[in-house]
Amino acid sequence: MNAINRLAAVISLASLFPLSALAADAPAESKGTVEVVHWWTSGGEAKAIDVLRKLVEKDGYTWKDSAVAGGGGAAAMTVLKTRAVSGNPPSAAQIKGPDLQDWGALGLLTELDDVSKANNWDKLLSKTVANTMKYDDHYVAVPVNIHRVNWLWINPVAMKKAGIDKAPTTLDELFAAAEKFKAAGLIPLAHGGQPWQDSTVFEDLVLSIMGAEGYTKAFIEQDEDTLTSPKMTEVFKALKKLQGYMDPDGTGQDWNLEAAKVINGKAGMQIMGDWAKSEWSAAGKKAGTDFECVPFPGTQGSFTYNIDSLAMFKLSAKNNTPGNIAAQNEVAKIILEPEFQYVFNQNKGSIPVRDDLDMTKFDSCGQAAMADFKAADKAGTLKPSMAHNMATSLAVQGAIFDVVTNFMSDKNADPAKAGAQMASAIKAAL
Ligand code: BGC
């Protein structure tokens, strides 16, 4: 069963359930309510989404926050499907990449023609971003930000303590630095053993070892020869080696708790997208002095992107009031306005989705991300992140996650066999 059929089978059960109320509990003086399902619950993430809440409330609407904890969003997606099944969708939900097409195909998303035309979204957004947000040529979601996934975060004080004079730029240098952190009694790599975190490291290694073309073949084309190639064996060998430097207490650990270990100097480095910066910023740390951000070793010149977006749902009969529709449109409008884009993205660690903003307001990591995004776009090395729902259906992504995480939890796993296992798991998921 493909992703659309799977989702459709779940949603068709909706008829068995009565329509229930959602955001109808707005106070009398509210102009309308907007309920938002998202998974931004770490300290830095919560600070970022709060920017949207405040702007919505300032305009007289009621914000109903339906956050579902869990990095990467798998738990939030489960809640969202259940809500859709019971005919009780929120007004907006964090849905990304190709998954938007599946929700759009089910007719559950609302078209944002009025607000997108009135505010010139086609002009404001790059083609890559705009196309991801459209279903059947209509906007059904609003992009919030662009995250870069292929980053390495380093604590310079820890680096000094370990006698490392510069941030690693190659995989060999990464292993050498890890060895030095270990010798200095530090955790070399902060890493939470959750499937999406494992696969974030895996996709960085694919990009580093196989290059941007190999990345495209492996994840976007899911090409069997590439998945079973000797280069893929090299990727799995590197993953095993890197695992030897990961936090021994990291099993099942949240990414932000692992980030805290680098921030407080217990660990030296973390391989993570730039939402990790939201934790550094929330802790009052400054880019370039208190922490370093460098592209994941060997991936300089490439940019794996992860666009967060809020998809807008057709409201249930009970909630389909002019006030609630106005509230939904207001959220859509606010998100692309400069006021929101500046403050949200500074808090979130990401870069704005519109490229007419003054990047000098951002720190050195943000400025580097924007420059690298544009350069990669020109060079054809701007790639959608597999681990963050941008490159494949959720079913294919799930198959890849399973193989990677099983490989990491099996001490005797054979790197030469993992690629073939991945190819057949992907086939079964299609
Ligand atoms: C999302 C980010 C979020 C991160 C950790 C990613 O998939 O795109 O917005 O901060 O997961 O939860």
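No lab work stands behind these numbers, since they all come straight from the coordinates. Everything numeric here is computed off the predicted structure, so don't read it as measured data. Note: ideal-geometry Cβ built from the backbone for every residue, glycine included; neighbour counts use all protein chains shown.
Of the beta bridges DSSP finds with both residues in the chain, what % are antiparallel, to the nearest 5? DSSP beta bridges in the chain are roughly 55 percent antiparallel. Loop-resident trypsin sites (Lys or Arg not before Pro) (DSSP state other than H, G, I, E or B) in the stretch 240-286 with no more than 12 further Cβ atoms inside 10 Å of their Cβ: Lys286. Given +1 at the Cβ of Lys and Arg, -1 at the Cβ of Asp and Glu and no other charges, the dipole of the chain around its Cα centre is 460 debye to the nearest 20. The loop-placed trypsin sites (Lys or Arg not before Pro) in the stretch 92-200, going by DSSP, that have at most 15 neighbouring Cβ atoms within 10 Å of their Cβ come out as Lys166. At full extension, Asp223 and Asn406 could sit 63.8 nm farther apart than now, given 0.36 nm per residue minus the alpha carbon distance.
With contacts taken as Cα pairs under 8 Å and at least 6 residues apart, the chain reaches a relative contact order of 27 percent. Computed from the alpha carbon atoms alone, the convex hull of the stretch 316-430 holds 208 Å³ per residue. For the stretch 69-186, what percent of Cα pairs sit more than 19 Å apart? For the stretch 69-186, the share of Cα pairs beyond 19 Å comes to 63 percent. In the stretch 324-355, whose amide N lies under 19 Å from the spot 7 Å out along Cα-to-Cβ of Asp122? List them in ranges. Output list for this probe position: 333, 336, 354-355.
Inter-label distance, Glu213 to Lys318: 5.7 nm, where each label sits 7 Å from its Cα along the C-beta direction. Computed from the alpha carbon atoms alone, the convex hull of the stretch 137-215 holds 142 Å³ per residue. Over the residues of the chain, the helix contribution to mean residue ellipticity at 222 nm works out to -14500 deg cm²/dmol, using -39500 (n - 2.57) for each DSSP H run of at least 4. Between Asp137 and Ala183, what FRET efficiency follows from the Cβ-Cβ distance if R0 is 56 Å, with the result rounded to 0.05? With a Förster radius of 56 Å, E is 0.45. Calculate the tail of P(r) for the chain: the fraction of all Cα-Cα distances greater than 30 Å, expressed in %. Here the long-distance tail beyond 30 Å is 42 percent of all Cα pairs in the chain. Taking a straight line from the alpha carbon of Lys240, these aspartates and glutamates sit under 20 Å away, with near neighbours fewer than eight places off in the same chain left out: Asp172, Glu173, Glu179, Asp198, Glu203, Asp204, Asp249, Glu258, Asp402, Asp410, Asp414. Extension gain for Asp355-Lys240 works out to 37.5 nm (0.36 nm per residue, less the C-alpha to C-alpha distance). Ranked by how many other Cβ atoms sit within 10 Å of their own Cβ, fewest first, the residues Thr170, Thr321 fall in the order Thr170, Thr321. Among Gly268, Gly32, Asn120, which residue has its Cα positioned farthest towards the positive end of the charge dipole of the chain, with +1 placed on the Cβ of Lys and Arg, -1 on the Cβ of Asp and Glu, and the dipole taken about the Cα centre? So the residue furthest toward the plus end is Gly268. Annotation note: trypsin sites (Lys or Arg not before Pro) in the stretch 296-344 located in DSSP loop regions with a Cβ neighbour count of at most 12 within 10 Å are absent.
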